[in-house]
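The values are calculated or read from the model by the stated rules, or taken from the named source; none is laboratory data. As the structure is a prediction and not an experimental result, all values here were calculated from the model. Cβ placement follows ideal geometry from the backbone for every residue including glycine, while neighbour counts extend to all protein chains displayed. Ligands, DNA and RNA are excluded from the accessible area calculation, which covers all protein heavy atoms including side chains. Shrake-Rupley method; radii C 1.70, N 1.55, O 1.52, S 1.80 Å.
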Amino acid sequence: MHTRRIGDVEVSAIGLGAMPMSIEGRPDEARSLATVHAALDAGVTLIDMADAYHQHADEVGHNEALVAKALASHDRGGDVLVATKGGHLRPGDGSWTLDGSPAHLKAACEASLRRLGVEAIGLYQFHRPDPRVPYEESVGALRELLDEGKIRMAGVSNANPEQIRLADDILGGRLVSVQNQFSPAFRSSEPELRLCDELGIAFLPWSPLGGISRAGALGSAHAPFARIAQARGVSPQRVCLAWMLAKSPVVVPIPGASRPETVRDSAAAADLVLTPGELAELDAG
């Protein structure tokens, strides 16, 4: 597995997004554990989760507890950079709400520490801006968590360029990652990707294959990816991740998965090198 960097930590060029293993439509626990283990066997050393990745109101942190169990039961579990997020909530009715208050973020971090069974979280990210709370106050909570040693690195998610610069300033130049939506169908985060490239901050595309319900149809929806995949004898999804990796050395895609076979296919994208002509075709398509 090729590697990239998040802050001062070397991670696999392809990470794993754990959300599909905890929300609606999730598989049984045995398949989820097998999926995480398949990722580890394939060399994946970055797993992204959030306390809000759960289905019912009484199971906050389901995703974190699940991944912690999977890591504890595999001999490579200790090699993983555990990344989680706080600031989003799910009341249990399928909706998503926000709480970016410093008090909530600090309490959420403490709860995540307990579920993950660690003394410090490898990468803790502010999940989504809360319009009711000044952004500098939310990011200020991350700064305090860093200074207290509760988290080793800090990141932000769903942030625009102004917020990225502000967060890095508030954190004293210690912002290590930005996690934004980016896929063939959703390319409006290109400015944030370019800014991260400029600043040397890792850019983690979420839903890089289009999301849980659309990832399987990526080739049908985006013809250039299907054409190149057919010519190369690989899946359109693998082509998509290789395309993202070619955009900048700061890009570390975190495709979601709930089946071992999809994890293995995603991980193989790190070895797929596309030609300049292929990349130009995918950029245009």
Seminar exercise, completed: Taking every alpha carbon pair in region 28-109 and sorting the distances into 10 angstrom bins from 0 up to the bin holding the longest one, the percent per bin comes out as 17, 44, 28, 10
For this session: Please figure out what share of the DSSP beta bridges in region 69-186 is antiparallel and state it in percent, rounded to the nearest 5.
Result: 15
For this session: Scan around residue 74 for amide H atoms under 5 Å from its own, H built in the peptide plane at 1.01 Å from N, and keep only partners 5 or more places away or cross-chain.
Result: none
Exercise. For region 110-194, with only Lys/Arg (+1) and Asp/Glu (-1) charged at the beta-carbon, what is the dipole magnitude about the Cα centre, in debye rounded to 20?
Worked result: 320
Seminar exercise, completed: Percent antiparallel among DSSP beta bridges confined to the chain, rounded to 5, stands at 20
For this session: Please report the relative contact order for region 146-197, taking Cα pairs under 8 Å with a sequence separation of at least 6, and give it as a percent rounded to a whole number.
Result: 36
Seminar exercise, completed: Note to self, the chain gives a 222 nm [θ] from helices alone (DSSP H runs n ≥ 4, -39500 (n - 2.57) apiece, / all residues, nearest 500) of -12000 deg cm²/dmol
Exercise. Got a number for the accessible area of residue 101? Probe 1.4 Å, square angstrom, nearest 10.
Worked result: 30
For this session: Calculate the radius of gyration of the Cα atoms of region 38-81 to one decimal place, then report Dmax, the largest Cα-Cα distance, as a whole number, both in Å.
Result: 11.4, 34
Exercise. Taking a 1.4 Å probe, which of 243, 206 shows the most accessible area, and what order do the others take after it?
Worked result: 206, 243
Seminar exercise, completed: At q = 0.16, 0.17 Å⁻¹, the log10 of I(q)/I(0) for region 173-280 from a Debye sum over equal Cα scatterers comes to -0.68, -0.76
Problem set entry | Table column - 3J(HN,Hα) (Hz), region 117-131, Karplus curve with 6.51, -1.76, 1.60, x for Gly and Pro | x, 10, 7, 8, 7, x, 9, 10, 10, 6, 5, 7, x, 9, x
Exercise. Solvent-accessible area per residue for the chain at a 1.4 Å probe radius, Å²?
Worked result: 41
Problem set entry | Under Karplus coefficients 6.51, -1.76 and 1.60, residue-wise ³J(HN,Hα) of region 74-83 in Hz, glycine/proline x | 9, 6, 9, x, x, 8, 8, 7, 7, 10
Exercise. Lysines within cross-link reach of residue 247: Cα-Cα under 29 Å, excluding same-chain residues under 8 positions apart?
Worked result: 85
For this session: For residue 165, put the label point 7 Å out on the Cα→Cβ axis and report which residues of region 115-136 keep their amide N under 18 Å from it.
Result: 135-136
Seminar exercise, completed: Here the percent of antiparallel bridges among DSSP beta bridges lying wholly in region 43-133, to the nearest 5, is 20
Problem set entry | Cα-based convex hull volume of region 127-230 per residue, rounded to whole Å³ | 126
Exercise. Whose amide H sits under 5 Å from the amide H of residue 47, counting only residues 5 or more places off or on another chain, with H placed in the peptide plane?
Worked result: 16, 81, 83
Seminar exercise, completed: Of all GluC sites (Glu not before Pro) in region 142-227, the ones in DSSP coil with at most 14 other Cβ atoms within 10 Å are 148
For this session: At most 13 other Cβ atoms within 10 Å and a DSSP loop assignment: could you name the GluC sites (Glu not before Pro) in region 1-54 that fit?
Result: 24
For this session: First compute the accessible area of region 70-131 with a 1.4 Å probe, then give the percent of it belonging to carbon and sulfur atoms.
Result: 51
Exercise. Around residue 6, which amide H atoms from residues at least 5 apart in sequence, or from another chain, sit under 5 Å from its own amide H, with H modelled in the peptide plane?
Worked result: 11
For this session: Sort 186, 203 by accessible area with a 1.4 Å probe, largest first.
Result: 186, 203
Exercise. Could you give the nm distance between label points at residue 271 and residue 41, where each point is 7 Å from its Cα heading toward the beta carbon?
Worked result: 1.5
Seminar exercise, completed: With T = 10 °C, eta = 1.306 mPa s and Kirkwood Rh from C-alpha pairs, the Stokes-Einstein D of region 1-143 in µm²/s is about 102
Seminar exercise, completed: Where a ≥ b ≥ c are root eigenvalues of the Cα gyration tensor, a/c under 1.5 meaning rounded, otherwise prolate if a/b exceeds b/c and oblate otherwise, region 62-146 counts as oblate
For this session: Give the span of region 10-51's Cα atoms along each principal axis, as three whole-Å numbers ordered largest to smallest.
Result: 31, 20, 12
Problem set entry | Relative contact order of region 132-259, pairs being alpha-carbon contacts under 8 Å that are 6 or more residues apart, as % | 20
